[in-house]
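The values are calculated or read from the model by the stated rules, or taken from the named source; none is laboratory data. Computed from a predicted structure; not experimentally measured. Please note: Cβ atoms are built from the backbone with ideal geometry, for glycine as well, and neighbour counts cover all protein chains shown. What goes into the accessible areas is simple: the full protein's heavy atoms, side chains included, and nothing from ligands, DNA or RNA. Shrake-Rupley method; radii C 1.70, N 1.55, O 1.52, S 1.80 Å.
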Amino acid sequence: MEAVQDLIRQPAFVFRVANMTIGALLLAEAVVHFINHSFSDIVIGIYGVVFGATLIGLEVYTPPQTYLILMYQYASFMFSFIGRGVFYIFMGTLMLNHGTWVWVLGSVIGVVGLAFCGLEFVKVVELPPSMIAPEHDVESQPVWNAQQDG
């Protein structure tokens, strides 16, 4: 029991579990959307599978630096609390249809997204290892993160 309490006190472990849970919820909701058989549901289901698998993959496996740089270049929102929070809120609202259980799962994803957004402003914990941006060159840095001279 003491070992479990030590794990819970480590923020990196808590974030790893939270991100893997959100990935699993996205995969579960994607299955529900595939069952419905409308075009929009299939597209939303594909989003759920791609991003759910990506979230779980980032937590379970540390990709090589070149893949992290590529992901940072095209999906830099995955490397900050506010970016992930807004992404979770977006995915949670996309999943809100088709019954009570899907509403509950989408709401859980949205609430976790609100918590991540709050962590950006409170600065209580540092970024977990899976959310630390890779070392990269200036050319691959997104415009909204670039420092301006002046």
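Annotations
- Projected label distance in nm at residue 107 and residue 36, using a 7 Å step from Cα toward the beta-carbon: 1.8 nm
- Read-out Cα extents along the principal axes in Å, derived from the coordinates shown; its label in (1) 50, 37, 37; (2) 61, 36, 29; (3) 51, 44, 29: (3)
- Helix 100-122 vs. the chain, principal-axis angle (Cα, 0 to 90°, nearest 10): 20 degrees
- Projected label distance in nm at residue 122 and residue 65, using a 7 Å step from Cα toward the beta-carbon: 3.5 nm
- Solvent-accessible area, 1.4 Å probe, carbon plus sulfur percent, for the chain: 68 percent
- Each stretch of four or more DSSP H residues adds -39500 (n - 2.57); spread over every residue of the chain, this sum gives -23000 deg cm²/dmol at 222 nm.
- Counting only protein chain heavy atoms and rolling a 1.4 Å probe, the accessible areas of 135, 59 rank, largest first, as 135, 59.
- Note that the chain presents 62 Å² accessible area per residue, ligands and nucleic acids not counted, probe 1.4 Å.
- Crossing angle, helix 11-36 versus the chain [Cα axis fit, 0-90 degrees, rounded to tens]: 40 degrees
- Axis of helix 39-60 versus longest Cα principal axis of the chain: the two differ by about 40°, to the nearest ten degrees.
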